[in-house]
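Asker: My questions will all concern the structure given below.
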Amino acid sequence: RGHATITVVPPETNIVMLDLPRHTAEDAIPRLAAAGAKFSRFGPRRVRAATHLNVTREEVERAGEIIGDTLGG
């Protein structure tokens with residue numbers, strides 16, 4: 001079976017929106033939280049994350065790994 005691609009909506013701020021083609025936000029948020037990445041629901045298949053000044057590049061990259069590992073994106 002082919003892999004669906006998670007679409008990242010380009011941010012104009014520190015907010016990052018992710019559209020999840022294979023998961024609902026309700027399903028994804030607790031799974032991501034258990035793996036160490038905090039998101040909030042922004043729609044049925046959209047989740048939101050926000051960074052701040054003290055978030056490092058390495059932490060952002062780790063969040064990307066968590067998303068891929070957890071949601072198979």
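The values are calculated or read from the model by the stated rules, or taken from the named source; none is laboratory data. These numbers were taken from a predicted model, which means no experiment stands behind them. We place every Cβ from the backbone using ideal geometry, glycine too, and count neighbours over all the protein chains shown. Each accessible area value is taken on the protein alone, full model and side chains, heavy atoms only, with ligands, DNA and RNA left out. Shrake-Rupley method; radii C 1.70, N 1.55, O 1.52, S 1.80 Å.
Asker: Residue by residue, what Karplus-based ³J(HN,Hα) values in Hz, rounded to whole numbers, does the stretch 27-33 have, using 6.51, -1.76 and 1.60 with θ = phi - 60° and x for Gly and Pro?
Answerer: Residue by residue, the stretch 27-33 yields 7, 6, 4, x, 5, 5, 4 Hz.
Asker: Taking the Cα atoms of the chain, report the difference between the largest and smallest coordinate on each principal axis, in whole Å and largest first.
Answerer: If we take the Cα atoms of the chain, the spans are 38, 21, 21 Å.
Asker: Nearest 500 deg cm²/dmol is fine: what mean residue ellipticity at 222 nm does the chain get from its DSSP H runs of n ≥ 4 alone, each adding -39,500 (n - 2.57), divided by its residue count?
Answerer: Per the formula, -11500 deg cm²/dmol.
Asker: Relative contact order for the chain: what is it in percent, counting Cα pairs under 8 Å that are at least 6 residues apart?
Answerer: In percent, rounded to a whole number, it is 31.
Asker: Moving on to the next point. Quick check for me: using +1 on Lys/Arg Cβ and -1 on Asp/Glu Cβ, what's the dipole size of the chain about its Cα centre, in debye to the nearest 20?
Answerer: The calculation lands at about 240 debye.
Asker: Sequence-distant or interchain residues sharing an amide H contact under 5 Å with V16, placed H: which?
Answerer: A49, A50, T51
Asker: Still on this structure, I have one more. Quick one: which residues, 5+ away or cross-chain, put their amide H under 5 Å from the amide H of T7? H built at 1.01 Å from N.
Answerer: Residues meeting the criterion, in which the H sits 1.01 Å from N, are D19.
Asker: Same structure again: Residues in the stretch 49-73, backbone N under 14 Å from the label point at S40 (7 Å along the Cα-to-beta-carbon vector): list them, ranges by number please.
Answerer: The answer is 49-52.
Asker: Quick one: pull the percent of accessible area on the chain belonging to carbon and sulfur, 1.4 Å probe, ligands and nucleic acids left out.
Answerer: Its accessible area is 54 percent carbon and sulfur atoms.
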